[in-house]
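To keep things clear, I will list the structure first and then write my remarks on it.
The values are calculated or read from the model by the stated rules, or taken from the named source; none is laboratory data. Since this is a predicted model, take the numbers as computed values, not measurements. Ideal geometry is used to build each Cβ from the backbone, glycine not excepted, and the neighbour counts take in all protein chains shown. SASA here: full protein model, heavy atoms, side chains in, ligands and nucleic acids out. Shrake-Rupley method; radii C 1.70, N 1.55, O 1.52, S 1.80 Å.
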Amino acid sequence: MKLGLVLGGGGLVGMGYHAGALQALDDFGFDVGAADLMVGTSAGSVMAAYMAAGWKPTDFFEYAHGRHPDVQKDPEDPKEQMRRVFTPLSRSPAERVRRSVGSMFAVASSRGYVKRLGGGEPGRNLRRAFPAGLYSTEETRRRLHEDLPQEWPERSLYLSAVDLYSGERIAFGHPAAPEASLPDAVLASTSIPGVFPPVRIGDRRYVDGGVASATSLDLATDHGCDLILCIAPLGYRTDGVTTARDPKMWAPMLVRSMFARSLRREVLSARERGCEVLVVRPWMSNLKMHGTNSMRQFDRRALADSAREGTVKLLEENADHPVAQGWKRKSSRKKAG
């Protein structure tokens, strides 16, 4: 049975959720390294790439708690950390206006609207006059190239991105995808259109894979995975503690509604093809902590702890699920071998 590990998007908050969820899986004896395929989208691409480079669930959890050696690479001041992530590219009000226009076009183009209206890639002079992206990714690029190898791992790893001008999803790492270094593929998968500049790979430009799907779970089914474990920070499930009638839940639920519907369709499609799927996602009562802005400053320790606790609860309730059983069996065989 082929195991697929799908790590969905969710911004900086999503990475904090992944840290706790992966730790809970490790606590339950799930060896994420036993996966035959890892699929990463946006924040999930960062997690998948670092795991492929040797990071363990404990590393992410320790990092969230400020105990990992790599934390020393970060500024101590949380505000300075955010400033590095969101360093403005504009040097004047006029440039900000031009970048705003270019960014709006990038958003429309990445979603396929421009192509459907008969448009295409703008000329070089037009791109220079109206560049896309409001904040620099140079610090992120430097960090990725410092931490990750240029070469792809021997294991199967797909990182989802979207071609800016065609709206086509590309799975870097797939045999049919353009060649790219691992750090550049991660950068492309996390470059939110309109917020960050598109990433040039070859003669094309790419943006965040979350534009097409928050999880790209179908890549795992297409790869022939029979058992799929999906971590979806942008999804949610009811828990009987908080209800949808609570007005405080309306904003975070509304923000996630499109992603939740897309995830539901992908899970149903996978099951129709004979795949077993187990989705790890926040409980509704956790949405207050997750909020509506996934790229904001937040308490990484508290969010990782909450995600770990919620995932433990979910795994306890689904201990007999075919994915849980299959994953534990393969993890046990790998350890024994």
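Here are some notes:
- Some residue of the stretch 23-41 being closer than 30 Å to TRP283 by Cα, at pLDDT 90 or above, open to solvent by 70 Å² or more (accessible area, probe 1.4 Å) and among the acidic types (Asp, Glu): yes
- THR311 being of a type in the set (Ser, Thr, Tyr) and surrounded by fewer than 16 Cβ atoms within 10 Å (Cβ to Cβ): no
- Any pair with Cβ under 7 angstrom, 6 or more apart, that starts in the stretch 304-317 at a residue that is over 11 Å from ASN286 (Cα atoms) and ends at one that is assigned to a helix (DSSP H, G or I) and open to solvent by 20 Å² or more (accessible area, probe 1.4 Å): VAL312/ASP27
- Residue within the stretch 257-277 that is closer than 20 Å to ALA324 by Cβ, crowded, with 17+ Cβ neighbours inside 10 Å and out of contact with any strand residue (DSSP E or B) (no Cβ under 8 Å at 6 or more places or on another chain) present: yes
- Whichever residue in the stretch 18-72 is among the aromatic types (Phe, Trp, Tyr) and assigned to a loop (DSSP other than H, G, I, E, B) and, among such residues, is farthest from the chain's Cα centre (by Cα): PHE28
- Residues in the stretch 198-209 that are open to solvent by 30 Å² or more (accessible area, probe 1.4 Å) and within 14 Å of ALA108 (Cα to Cα): 1 in all.
- Of all residues in the stretch 113-140 being closer than 20 Å to ALA185 by Cα and of a type in the set (S, T, N, Q), the one that is surrounded by the most Cβ atoms within 10 Å (Cβ to Cβ): THR137
- Tally, over the stretch 210-229, of residues that are under 15 Å from ARG155 (Cβ atoms) and surrounded by fewer than 24 Cβ atoms within 10 Å (Cβ to Cβ): 2
- Failed item in (1) part of a helix (DSSP H, G or I); (2) closer than 18 Å to MET295 by Cα, with GLY133 passing the rest: (1)
- Filter result for HIS68 (open to solvent by less than 60 Å² (accessible area, probe 1.4 Å) and either touching a Lys or Arg at 6+ places or on another chain (Cβ under 9 Å) or at pLDDT below 95 (or both)): yes
- Among the residues of the stretch 152-166, those identified as more than 24 Å from GLY224 (Cα to Cα) and part of a loop (DSSP other than H, G, I, E, B) are LEU164, TYR165, SER166.
- For the stretch 176-190, the condition of being farther than 18 Å from GLU151 by Cα, at pLDDT 95 or above and open to solvent by 10 Å² or more (accessible area, probe 1.4 Å) holds for at least one residue.
- Top-ranked residue of the stretch 72-112 - restricted to ones that are within 19 Å of ARG296 (Cα to Cα) and basic (Lys, Arg), ranked as most open to solvent (accessible area, probe 1.4 Å): LYS79
- The requirement of being surrounded by fewer than 22 Cβ atoms within 10 Å (Cβ to Cβ) and closer than 23 Å to SER331 by Cβ is fulfilled somewhere in the stretch 1-17, by at least one residue.
- Per this entry, SER285 is counted among residues that are open to solvent by less than 60 Å² (accessible area, probe 1.4 Å), within 29 Å of HIS65 (Cβ to Cβ) and free of Cβ contacts under 8 Å to residues at least 60 places away in the same chain.
- Qualifying residue in the stretch 276-296 (condition: touching a Leu at 6+ places or on another chain (Cβ under 7 Å) and under 15 Å from PHE28 (Cα atoms)): yes
- A single member of GLY173, GLY167 is surrounded by fewer than 23 Cβ atoms within 10 Å (Cβ to Cβ) and out of contact with any Cys (no Cβ under 6 Å at 6 or more places or on another chain), and it is GLY167.
- Answer residue from the stretch 106-126, given it is in a helix (DSSP H, G or I) and in contact with a helix residue (DSSP H, G or I) (Cβ under 7 Å, 6 or more places away or on another chain) and is farthest from PRO198 (Cα to Cα) among those: VAL114
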